[in-house]
1. So which residues in segment 51-65 are in contact (Cβ under 8 Å) with a residue 12 or more places away in the chain and over 17 Å from Gln13 (Cβ atoms)?
2. For segment 21-36, which residues satisfy the criterion of being surrounded by fewer than 16 Cβ atoms within 10 Å (Cβ to Cβ) and free of Cβ contacts under 8 Å to residues at least 12 places away in the same chain?
3. Among the residues of segment 28-45, is any in contact with a Lys or Arg (Cβ under 9 Å, 6 or more places away or on another chain), over 16 Å from Lys79 (Cα atoms) and modelled with pLDDT under 95?
4. If you scan segment 71-82, which residues turn out to be open to solvent by 90 Å² or more (accessible area, probe 1.4 Å) and either part of a helix (DSSP H, G or I) or modelled with pLDDT of 95 or more (or both)?
5. Got at least one residue in segment 41-54 being small (Gly, Ala, Ser), in contact with an Asp or Glu (Cβ under 7 Å, 6 or more places away or on another chain) and either assigned to a helix (DSSP H, G or I) or surrounded by 13 or more Cβ atoms within 10 Å (Cβ to Cβ) (or both)?
6. List every residue pair whose Cβ atoms sit under 7 Å apart, with the two residues 6 or more apart in sequence or on different chains, where the first one lies in segment 67-88 and is without any contact (Cβ under 8 Å) to a residue 12 or more places away in the chain and the second, anywhere, is open to solvent by 60 Å² or more (accessible area, probe 1.4 Å).
Amino acid sequence: MKIDQSNEQIWKQVIQHLELPSTKMLLSQQAKIKSIRPKQFLFWKTYQAEIEISEKWGSMIQSRKDLLEDAFSKVLNYKTQVNLLTTPILDLF
């Protein structure tokens, strides 16, 4: 992870790396980043990102999890595991 960037800045970059405009819009409106943590196993480094998602859109966002992981990997330059956490929409923003 780029140490000088906040999680919010990284999240914005991740959304920019998504190809489909509909996916960008969905995630920018119905999801937000909760945390990003590095994980290291000997010489192999990865990240784990937790994303809070609207309960109402959970299944649709879940179907795009692979795209999210790919976008995180492009931004962070390391494989990233994404965990999606559902929350009622009123608590999201």
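The values are calculated or read from the model by the stated rules, or taken from the named source; none is laboratory data. Predicted model only: the values in this text are computed from it and were never measured. When we count neighbours, we look across all protein chains shown, and the Cβ atoms used for this are built from the backbone with ideal geometry, even at glycine. Just the protein is used for accessible areas: all its heavy atoms, side chains included, with ligands, DNA and RNA removed. Shrake-Rupley method; radii C 1.70, N 1.55, O 1.52, S 1.80 Å.
1. Listed by number, the residues that qualify are Glu52, Ile53, Ser54, Glu55, Lys56, Trp57, Gly58, Met60, Ile61, Gln62, Lys65.
2. If the condition is that a residue be surrounded by fewer than 16 Cβ atoms within 10 Å (Cβ to Cβ) and free of Cβ contacts under 8 Å to residues at least 12 places away in the same chain, then Pro21, Ser22, Met25, Gln29 are the ones that fit.
3. Yes: segment 28-45 contains one or more residues that are in contact with a Lys or Arg (Cβ under 9 Å, 6 or more places away or on another chain), over 16 Å from Lys79 (Cα atoms) and modelled with pLDDT under 95.
4. Lys74
5. No, segment 41-54 contains no residue that is small (Gly, Ala, Ser), in contact with an Asp or Glu (Cβ under 7 Å, 6 or more places away or on another chain) and either assigned to a helix (DSSP H, G or I) or surrounded by 13 or more Cβ atoms within 10 Å (Cβ to Cβ) (or both).
6. If the second residue must be open to solvent by 60 Å² or more (accessible area, probe 1.4 Å), the pairs left are Ser73/Lys79.
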